[in-house]
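Visitor: Have a look at this one before I ask anything.
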Amino acid sequence: MAKRPKSSSHILNASSNLLGICFIILTSLKILRESEKTMIDEITLVATIIFMSSCGFSFLSIRKENGAAIYLEKIAEYAFMMGLVLLFLTAILFSFNVIN
């Protein structure tokens, strides 16, 4: 018998928090009318989609049976890590004025 996923609830919590941060960034750029001048909103939109998929897969992994739950949790983990790397690279590139 396969083991139940253990980190799905943690992934769901963290990715939903980062999803909220992405929404704040997008909203701030729209309010300040900076979205036309920068690439940050496009990159943040991709991060938003990735974190949303991570939320969805981690939620489904909590709701499914053992075999499918492990598979869904792995997808959620990879999506979460991709979103983290994307936000990290965006922050680094923005800090060094590579993207405006």
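Visitor: For residues that are β-branched (Val, Ile, Thr) and part of a loop (DSSP other than H, G, I, E, B), scanning just the range 74-100, find the one that is surrounded by the most Cβ atoms within 10 Å (Cβ to Cβ). Explain how you work it out, then say what you get.
Guide: So in the range 74-100, the residues β-branched (Val, Ile, Thr) come out as 75, 85, 90, 92, 98-99.
Filter again for part of a loop (DSSP other than H, G, I, E, B), leaving 98-99.
Numbers: 98: 11, 99: 15.
By that ranking, first place goes to 99.
Visitor: Across the range 63-73, which residue is nearest to residue 47 (Cα to Cα) among those that are of a type in the set (D, E, K, R) and loosely packed, with under 13 Cβ neighbours inside 10 Å? Lay out the reasoning, then the answer.
Guide: Going through the range 63-73, the residues of a type in the set (D, E, K, R) turn out to be 63-65, 73.
Applying the additional criterion that residues be loosely packed, with under 13 Cβ neighbours inside 10 Å yields 63, 65.
Values: 63: 24, 65: 28 Å.
My answer is 63.
Visitor: Condition (residue is touching a Phe, Trp or Tyr at 6+ places or on another chain (Cβ under 9 Å), part of a loop (DSSP other than H, G, I, E, B) and in contact (Cβ under 8 Å) with a residue 40 or more places away in the chain) applied to the range 36-56: is it met by at least one residue?
Guide: There is at least one residue in the range 36-56 that is touching a Phe, Trp or Tyr at 6+ places or on another chain (Cβ under 9 Å), part of a loop (DSSP other than H, G, I, E, B) and in contact (Cβ under 8 Å) with a residue 40 or more places away in the chain.
Visitor: Could I ask something else about it? State whether the residues of the range 3-26 include one that is at pLDDT below 90, within 16 Å of residue 91 (Cα to Cα) and either out of contact with any strand residue (DSSP E or B) (no Cβ under 7 Å at 6 or more places or on another chain) or not polar (S, T, N, Q) (or both).
Guide: Yes.
Visitor: Here is a follow-up. Here are the criteria: (1) at pLDDT 95 or above; (2) in contact with a Lys or Arg (Cβ under 9 Å, 6 or more places away or on another chain). Tell me which single one residue 50 does not satisfy.
Guide: Going through the list (1) at pLDDT 95 or above; (2) in contact with a Lys or Arg (Cβ under 9 Å, 6 or more places away or on another chain), residue 50 breaks only (2).
The values are calculated or read from the model by the stated rules, or taken from the named source; none is laboratory data. What you are looking at is a predicted structure, and each value in this text was computed from that prediction instead of being measured. Every residue, glycine among them, receives a Cβ derived from its backbone with ideal geometry; neighbour counts consider all protein chains shown.
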